[in-house]
1. Any residue at all in the range 367-382 that is modelled with pLDDT under 95 and crowded, with 16+ Cβ neighbours inside 10 Å?
2. Please go through the range 357-377 and give me each residue that is in contact (Cβ under 8 Å) with a residue 24 or more places away in the chain and out of contact with any Cys (no Cβ under 8 Å at 6 or more places or on another chain), ordered by number.
3. Mind listing whichever residues of the range 99-131 are surrounded by fewer than 15 Cβ atoms within 10 Å (Cβ to Cβ) and over 22 Å from Glu58 (Cβ atoms)?
4. Do we find that Ala276 is touching a residue at least 60 places away in the same chain (Cβ under 8 Å) and farther than 25 Å from Ser395 by Cβ in this structure?
5. Name every residue in the range 69-104 that is among the basic types (Lys, Arg) and under 18 Å from the mean Cα position of the chain (by Cα), in order of residue number.
6. Can you work out which of the residues in the range 71-100 that are assigned to a loop (DSSP other than H, G, I, E, B) and of a type in the set (S, T, N, Q) is nearest to Ala348 (Cα to Cα)?
7. Looking at Val140, is it in a loop (DSSP other than H, G, I, E, B), in contact with a Phe, Trp or Tyr (Cβ under 6 Å, 6 or more places away or on another chain), over 20 Å from Phe53 (Cα atoms) and modelled with pLDDT of 95 or more?
Amino acid sequence: MPSRSRVALLAAVALYALTVRITAQRGGPSIGQPLDGLTPSLTAAFNAGARTFAKRYEIADGLGPVFNDESCSDCHRTPVVGGAGNRLVTRFGRVDDGLFDPLIELGGSLIQTRGIGSVTTPFGSFRFDGERVPPTATVVVRRRTTGLQGLGLVDGVSDDAWIAIARAEAAVDPDAAGRVSIVLNLLTRQPAVGKFGWKAQVPTLHQFSGDALMNEVGITNPDFPEESCPNGDCSLLDFNPTPAMNDDGRDVDALTDFQRFLAPPARGAITDEVLAGERVFAEIGCATCHLPSLTTAANAVAALSRVTFHPYSDFLLHDMGALGDGIAQGQARPADMRTAPLWGLRSAGRLLHDGSANGIEQAILRHDGQAAAARNRYGALDPDRVAVLLAFLRSL
């Protein structure tokens, strides 16, 4: 007999399914569009942010000197600008005596694969090439570009709510319960809950924007004022043609506006088969981590205030066993990964953090660690229940 907490979870999913079916019939923003209900001034801020997101930075703007792409939109473009992508970035490190070392002194843990090439400075001519993984690294992994749609709603959930979710999971299913990632908010200089990035290592969209602008494009900004030293050799920055801070914060603010007001991915048709599949999803334990619904806190922006939305993630850290990427970041251990949201799944190409799964079933079967029990229950399903479960997942 299922436990009382499991019955409550199934009842909540059934109520949610009815609600989302009604909501889906009412329609919503088209994919890649801003949230419904924005004021004209906020819509203008979204559009200005979209232009910054698509901006191609040049050397004169501060590009590099080592970087991964010239524009945010180069990586976040599937199925539209602001979505996910199949672009992979490389991270590396070394394990010594069981402890992970990001090899900061060699440019770790993120590789910037491109350089700005030959430049002339008051110190003479120099050529900046992309970084390479050092031979001393023992951990080398790839990470796929994540989608940005709907993240303003995630940003609007209070820290107390994330802590309450972790406690509730521990009460319902302690073996699968997630952990809150506590990181530093660079704006407030206070501890905060991380929910962005594969390791939940970033607490806010503003910080996420500044981090990506510097680490992926090489544009320094107030929160991230220091350039990446190519393969850890900071003496090479003497030849940086744009050593002053590249962005005074306006581009970071614009990128934040674009992401904050970007609508969630559109949902597919909610059929009887899809609803049956969602019941299976809950029954085998997937909904414990891939939480169907979250609600934002009160917000000065009406479109973000007390909104219930459906990302299918708790955005917490879980020990994924063999599916972990081997990288430690903040409070995330090498085997820990943040639960990936499932909204937008129907538009995704390759799946999992490293893009190694080429389909939903393969991704499920790769689950391990705290997700192993749910994976095993999936493996025991009869073909009819597998079919409706996959129909549900393909509707997200």
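The values are calculated or read from the model by the stated rules, or taken from the named source; none is laboratory data. None of the values given here were measured: they were computed from a predicted structure. Cβ placement follows ideal geometry from the backbone for every residue including glycine, while neighbour counts extend to all protein chains displayed.
1. no
2. Ile360, Glu361, Arg366, His367, Asp368, Gly369, Ala372, Ala373, Arg377
3. Result: Leu99, Ile104, Glu105.
4. Answer is no for this residue.
5. Across the range 69-104, the qualifying residues are Arg77, Arg87, Arg91.
6. Top of the filtered list is Asn86.
7. no
Results for (1) surrounded by 16 or more Cβ atoms within 10 Å (Cβ to Cβ); (2) part of a helix (DSSP H, G or I), shown as yes or no for each residue.
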position: Phe258; (1), (2): yes, yes
position: Pro264; (1), (2): yes, no
position: Arg267; (1), (2): yes, no
position: Ala282; (1), (2): yes, yes
position: Ala300; (1), (2): no, no
position: Pro311; (1), (2): yes, no
position: Ala322; (1), (2): no, yes
